[in-house]
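The values are calculated or read from the model by the stated rules, or taken from the named source; none is laboratory data. In this text, all values refer to a predicted model and were calculated from it rather than measured experimentally. Note: ideal-geometry Cβ built from the backbone for every residue, glycine included; neighbour counts use all protein chains shown. These accessible areas exclude ligands, DNA and RNA; they are computed on the full protein's heavy atoms, side chains included. Shrake-Rupley method; radii C 1.70, N 1.55, O 1.52, S 1.80 Å.
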Amino acid sequence: MMWRRQSAAESQAGSARRRSGLVGLILWAAIATGVAQERPDIVWMQGGHAIAVHSVAVSPSGELIASAGADGTVKLWRTSDGALLRTLTGHEGDANGVAFSPDRSLVASAGSDGTVRVWRVQDGRLLHTLAHGGGIALSVAFSPNGSLLASGSEDGTVKLWRTMDGGLVRTLTAHAVAVASVAFSPSGQLLATAGDDGTVKLWRVADGMLQRIINAHAGYVASVAFSPDGSLLATAGEDGAVKLWRVADWGLERTLTGHTAPVTAVAFSPNGRLIASGSADASVRLWYVSNGLQVATLVGHSDTVYAIAFSRDGSLLASGSGDGLINLWRISDGT
């Protein structure tokens, strides 16, 4: 089965069936107690994306949350009170991926129109429109020093761009199928790409040379993330598992199971102690990295959780879903 996010039409139909009236941005509070949070406290509700949320990112300062949706927009929210600060428009079709630059000055988005767009956070000005080509652009990530931007596409290519002027550095013929997720290692020396072919590939950023192929999952790989210290790589797959791989030798360290449907998103907490996963079973789960113990199941979405992102201090976790909502969870054990 090919990994894909809901289209705008599919999301609209689903939203109409699930609920009427206002849909939007909900901030929830939940404590990672080890017991499933069936009714997390709703802190407040505010209008947001009317249809599926494909990607979320928390700014390095923790002050902003960016979201990309099937409505084609990128939205910037104030974390403290959920106020909508700015809506960025320009993509024709869905906005599929979003990322902040390390200095918080830029936000990049990947769209179904085959473009990657780079915006200035301060005033929402569009700085660059980068033509990835080859169909739908699915994912974006900035390098740790902010000098490069990587984008992954439905056609299996990955492109590296100079952030400063939008110039193309190189094109990687990464996979024969879609690349749903890209991630730089903390050192910036490696780039991981996730393919619909079940593999994860590791590339040397300096020259684009392929370093390793991991046969990671049965079915597509939807998400990849490096641990903050760079010692582990997490992968999320159609087989319902989260896998942790040792970067030192690329051996399998641990497999985390518990989701009842494909896992579609994965992220490490900033201190590396926790890993969060989102799934087509509509749940977000928290795990201890050290022993694989499941800490909590956070229940608050009614559709696939496509994206998750921790705040820099690890106290908050944002999740975006096909139900059109972003949930912000307070994580007690993330500090």
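So which lysines pass the test for residue 159, namely a Cα distance under 16 Å, with those fewer than 8 places away in the same chain ruled out?
Reachable lysines: 201.
Would you work out what percent of the accessible area of region 211-263, with all protein chains in place, is carbon or sulfur (probe 1.4 Å)?
The value for region 211-263 is 45 percent carbon and sulfur by accessible area.
Can you give the extra length, in nm with one decimal, that the chain gains between residue 61 and residue 80 once fully stretched, where that is 0.36 nm per residue apart less the Cα-Cα distance? Walk me through the numbers on the way to the answer.
Numbers: separation 19, 0.36 × 19 = 6.84 nm, distance 1.19 nm.
Roughly 5.6 nm would be gained on extension.
Using the basic label-point model (7 angstrom from Cα toward the beta carbon), what is the residue 252 to residue 290 distance in nanometres?
Label at residue 252, label at residue 290, 2.5 nm between them.
Give me the net charge for the shell around residue 176: Cβ to Cβ below 12 angstrom, other residues only, Lys and Arg +1, Asp and Glu -1. Working shown, then result.
Values: positive: 201; negative: 154, 155, 196, 197.
Here the count lands on -3.
For residue 75, go through the aspartates and glutamates and keep the ones whose alpha-carbon is under 14 Å away, minus same-chain ones fewer than eight residues off.
Partners found: 63, 94, 123.
Between residue 87 and residue 127, with labels modelled 7 Å along Cα→Cβ, what's the label distance in nm to one decimal, could you check?
If labels sit at residue 87 and residue 127, their model points lie 2.5 nm apart.
Return one whole number: the accessible area per residue of region 245-335 in Å², for a 1.4 Å probe. Let's see the in-between values first.
On the way: 2910 Å² over 91 residues.
It amounts to 32 Å² per residue over region 245-335.
Under a crude label model (7 Å from the Cα following the beta-carbon direction), how far is residue 261 from residue 212 in nanometres?
3.2
What whole number of Å gives the distance from the Cα centroid of region 152-166 to the Cα centroid of region 234-301?
Spelled out, the Cα-based centre of one part sits 27 Å from the other.
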